[in-house]
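What follows draws every value from the coordinates through simple rules; no lab data is involved. Not measured: the values here are computed from a predicted model. Neighbour counts run over all protein chains shown; Cβ positions are idealised from the backbone, glycine included.
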Amino acid sequence: MTDFDIKYAEYQKIFDEYLSNFCDKLVCEPQILKESLIYSLKLGGKRVRPVLMLAIADLLGIDRTSISNFAVALELIHTYSLIHDDLPEMDNDDFRRGKPSNHKVFGVGNAVLAGDGLLNTAYSILFNECFNGNEYISASKYICDCAGISGMIAGQSADLLHENDTTVDEKILDFIHLNKTAKLIMAACVTPSILCGGKYYSEIKTFARDLGFLFQLTDDILDVEGSFENLGKSVGKDGAEGKYTAVRLYGLSDCKLRADLFCDRCIKMLEGLDGDTQFLKDTVYFVRQRIN
Ligand code: GRG
């Protein structure tokens, strides 16, 4: 295990404790609703957004407990988006994180409700945080905006709209990637900066945006080169369905070059910040080289 692996696992463990506390306290009836929420939350996943939030909180020297509820709320939003994305009328995927998708276990109706329930609960958590002061209000609003109709939902809507287009326009592709993927990564990274009075706000925002683009580029590459065993979901679907992807626009090898470019931009941005950014740099390389 490398130093990076150890640190990443440490952050995952910290977050999994926050999440377990949340699940233990969750009061929710009927039982099937609770089971369906917890099923997807506990399926695992890389937890990259909470890990980034914790790492940036550490870099800025803010108390980890001040971001714990934000990290849970953001992972709830991310998990809801995956449940809804897997639905037959969206991406129609039977597997997620190597296990049957939420709707394959609980049925489509219950999966819609599980997603709705996670989103709604995330908002309730964020509302509660607002009682802690102005920075908490701003951070909550930032997360809502990244997830909403000027963020992830806009990206998903554009993705659906352009699904059957015969050509791929770079501007539209950028819009989809920025909103569908980068916005939640921006929410993860920018939240600690807002709580810290806006320290390194624009640098962190640019870093997170570029990391989000890199994340989506590697996602598109993995759809071509990845395996079900590693990814825990179907591969080759985007290509087969003629989806709007970076590989379709640039071709596989240019897509990799572009990923390297975004990787360099992220590293350069981190080099301009004071403090120990080694873990964040390694996270960028991890996203570039990821196999899942
Ligand atoms: C349905 C509102 C709505 C939005 C869906 C999440 C999403 C938006 C679509 C899924 C397809 C996709 C390629 C999204 C881009 C973001 C992405 C790569 C999500 C997967 O995130 P990971 O890899 O997942 O962090 P884990 O399982 O590790 O948590």
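General observations
- For the stretch 84-94, the Karplus equation 6.51 cos²θ - 1.76 cosθ + 1.60, evaluated at θ = phi - 60°, returns couplings of 5, 5, 6, 4, x, 7, 9, 8, 6, 10, 7 Hz by residue, with Gly and Pro reported as x.
- Its Cα gyration tensor gives the stretch 199-292 an equivalent ellipsoid, and the semi-axes of that ellipsoid, as √(5λ) in whole Å with the largest first, are 28, 14, 10.
- Cβ-derived FRET efficiency at R0 51 Å, residue 166 paired with residue 132, nearest 0.05: 0.50
- For residue 99, a cut-off of 14 angstrom between C-alpha atoms picks up these aspartates and glutamates, skipping any fewer than 8 places away in its own chain: 86, 229.
- Protection proxy ranking, peptides 258-265, 67-74, 233-240, 215-222, average beta carbon neighbours within 10 Å, highest first: 67-74, 215-222, 258-265, 233-240
- Think of the stretch 3-289 as having a plus end and a minus end, set by charges on the Cβ of Lys, Arg, Asp and Glu; of 242, 166, 182, 182 sits farthest toward the positive end of this dipole.
- Its residue count N fixes a reference of 2.2 N^0.38 Å for the stretch 3-289, and the Cα radius of gyration divided by that reference is 0.96.
- Take 190-202, 266-278 and order them by the average number of nearby Cβ atoms within 10 Å per residue, most first; the result is 190-202, 266-278.
- For the stretch 154-207, the percent of C-alpha pairs falling in each 5 Å distance bin, counted from 0 to the bin holding the largest distance, reads 5, 20, 22, 16, 13, 11, 8, 4, 2, 0.
- Rounded to the nearest 20 debye, the dipole size of the stretch 3-289 about its Cα centre is 320 debye, using +1 on the Cβ of Lys and Arg and -1 on the Cβ of Asp and Glu.
- Distance from the Cα centroid of the stretch 68-117 to that of the stretch 1-36 is 16 Å (rounded to whole angstrom).
- With the simple model of a label 7 Å out from the Cα in the direction of the Cβ, residue 253 to residue 278 spans 3.6 nm.
- Between the stretch 227-260 and the stretch 139-173, the C-alpha centres lie 18 angstrom from each other.
- Normalised by 2.2 N^0.38 Å, where N is the number of residues, the C-alpha radius of gyration of the stretch 127-180 stands at 1.52.
- Each label point was placed 7 Å from the Cα along the Cα-to-Cβ direction; for residue 241 and residue 34 their separation is 3.4 nm.
- Residue-averaged [θ]222 nm for the chain, counting only DSSP H segments that reach four residues, each worth -39500 (n - 2.57): -23000 deg cm²/dmol
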